[in-house]
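Asks: Here's a structure for you.
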């Protein structure tokens, strides 16, 4: 007999978990739609040539490759080395993220798309990473992007999307951080190390984890001089409100045209915001985000400090992502929600409404063989009013049916026995407080709606 199990790094999701996750996704999805974003889905598999070389050497190693159909022994005999063997054995891979498939989609369908193209995408991705707490081989990503527009109004919309969605989910005191990659490029120019921008951003991106002294050591190891490191530290120690920070940056980076352009862009986003925010965006010059393809605005959302969790979302402006597929000149900006982390935070803070765990709102018990047709008549009316209702399928002991209702956390049970059939009523029991009422059959819908169950 085979012992049932699942691959490492994957998870089963119980009905209760799926309902809670869908609650999060439904709210996020509804906000995307309000801002004019359209849903998009791409295949679980992509051609290996589409994915490889886009995520760096480490990303290529973490792709789940799909074995070709056919004779693998024949392929092995044709291979010149391990790299050619991998190509002969596999020409496809599972989706590593949603960004590259999106870029591929835009390149393929550019003649059919109305630009600017606004899409959101919520699908699983796969990475052959070492499984550990909070890191899985299969997980959901939730992205939204605008491609074909350089307007900073898109950045302003994305800030509002984060703020609106997180507030609707019940989160408070989250922090929406914003920066601009041009400031970091300008900093590299000012200290005379533009060729080491990547080293600089990687070190700065670790500030929260390793602290200022750790950043000093990182930069020293990457061959930055003491004077250059002092300039970086001055940049990282800028403080005050958004306007004060912008003024300090303008002075500190006065010799860089690139940085000055970034300051102009940040000022436009922060000062010309057309929304009233629940949590005002904060300019954070230390925000770097490690991905090299960001070229302008960078956004990151931090979890409330009351929970031990880091980023719950992030994104930014990129130029020419579709150039990888021969379509150049399309600027874009996008964000992502960390759905798994948001779920964990909401569980910890008990933010899921009680109704989310419910599905069936009333279960009718079988206690009288002749009542089934009467129950189905009522079930049809309840379902037509969008009240989830069902009948216990087997005529078993009353105690077993009640135990089932309790285990499912169904709030109400209905009984139509011999007496209720004769009187045209339903005995409805509230499973939470144990109270039972006899209600005219035609009033059951109103009774349930009045208790805010729909």
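Asks: Is the range 189-199 home to any residue that is crowded, with 23+ Cβ neighbours inside 10 Å and either closer than 28 Å to residue 329 by Cβ or touching a residue at least 12 places away in the same chain (Cβ under 8 Å) (or both)?
Replies: Checking the range 189-199: not a single residue is crowded, with 23+ Cβ neighbours inside 10 Å and either closer than 28 Å to residue 329 by Cβ or touching a residue at least 12 places away in the same chain (Cβ under 8 Å) (or both).
Asks: Out of everything in the range 323-348 that is exposed (fewer than 15 other Cβ atoms within 10 Å of the Cβ) and farther than 28 Å from residue 151 by Cα, what residue ends up being farthest from the chain's Cα centre (by Cα)?
Replies: 348
Asks: Among the residues that make up the range 402-416, is at least one of them assigned to a strand (DSSP E or B) and farther than 27 Å from residue 15 by Cα?
Replies: no
Asks: Just to be sure before I move on: is residue 251 in the same structural domain as residue 294 (by TED's automatic domain parsing), surrounded by fewer than 16 Cβ atoms within 10 Å (Cβ to Cβ) and either at pLDDT 90 or above or assigned to a helix (DSSP H, G or I) (or both) in the structure I sent?
Replies: Spelling it out, residue 251 is indeed in the same structural domain as residue 294 (by TED's automatic domain parsing), surrounded by fewer than 16 Cβ atoms within 10 Å (Cβ to Cβ) and either at pLDDT 90 or above or assigned to a helix (DSSP H, G or I) (or both).
For every residue, the table says whether it meets (1) surrounded by 12 or more Cβ atoms within 10 Å (Cβ to Cβ); (2) under 15 Å from residue 364 (Cβ atoms); (3) touching a residue at least 12 places away in the same chain (Cβ under 8 Å).
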position	(1), (2), (3)
378	yes, yes, yes
394	no, yes, yes
401	yes, yes, yes
416	yes, yes, yes
425	yes, yes, yes
431	yes, yes, yes
440	yes, no, yes
444	yes, yes, yes
449	yes, no, yes
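Asks: Mind listing whichever residues of the range 125-136 are in a strand (DSSP E or B) and loosely packed, with under 14 Cβ neighbours inside 10 Å?
Replies: Hits for the range 125-136 are 132, 135.
Asks: Scan (1) surrounded by 11 or more Cβ atoms within 10 Å (Cβ to Cβ); (2) part of a loop (DSSP other than H, G, I, E, B) for the single condition residue 28 breaks and write down its number.
Replies: (2)
Asks: Restricting the search to the range 296-323, which residues are part of a loop (DSSP other than H, G, I, E, B) and either touching a residue at least 60 places away in the same chain (Cβ under 8 Å) or at negative phi (or both)?
Replies: Within the range 296-323, 303, 304, 305, 306, 307, 308, 309, 310 meet the criteria.
Asks: Let me ask another. Of all residues being in contact with a helix residue (DSSP H, G or I) (Cβ under 7 Å, 6 or more places away or on another chain) and under 20 Å from residue 449 (Cα atoms) in the range 391-411, which is modelled with the lowest pLDDT? Just the residue, please.
Replies: 409
Asks: Of the residues that sit in the range 163-178 and are in a helix (DSSP H, G or I) and in contact with a helix residue (DSSP H, G or I) (Cβ under 9 Å, 6 or more places away or on another chain), which one is nearest to residue 102 (Cα to Cα)?
Replies: By that ranking, first place goes to 165.
Asks: For residue 288, which of the numbered conditions (1) in contact with a strand residue (DSSP E or B) (Cβ under 8 Å, 6 or more places away or on another chain); (2) not in a loop (DSSP other than H, G, I, E, B) fails to hold?
Replies: Failing condition for residue 288: (2).
Asks: If we scan the range 33-44, do we find a residue that is at pLDDT 65 or above, assigned to a loop (DSSP other than H, G, I, E, B), more than 23 Å from the chain's Cα centre (by Cα) and assigned by TED's automatic domain parsing to the domain that holds residue 167?
Replies: For the range 33-44, residues at pLDDT 65 or above, assigned to a loop (DSSP other than H, G, I, E, B), more than 23 Å from the chain's Cα centre (by Cα) and assigned by TED's automatic domain parsing to the domain that holds residue 167: absent.
Asks: Exactly one of (1) modelled with pLDDT of 95 or more; (2) over 28 Å from residue 153 (Cα atoms) is unmet by residue 179. Its number?
Replies: (2)
Asks: Looking only at the range 205-212, decide whether some residue is assigned by TED's automatic domain parsing to the domain that holds residue 336, in contact (Cβ under 8 Å) with a residue 60 or more places away in the chain and under 30 Å from residue 276 (Cα atoms).
Replies: Yes, that holds for at least one residue.
The values are calculated or read from the model by the stated rules, or taken from the named source; none is laboratory data. Quantities reported herein were computed from a predicted structural model and do not represent experimental measurements. Positions of Cβ are generated from backbone atoms using ideal geometry, with glycine treated the same way; all protein chains shown enter the neighbour counts.
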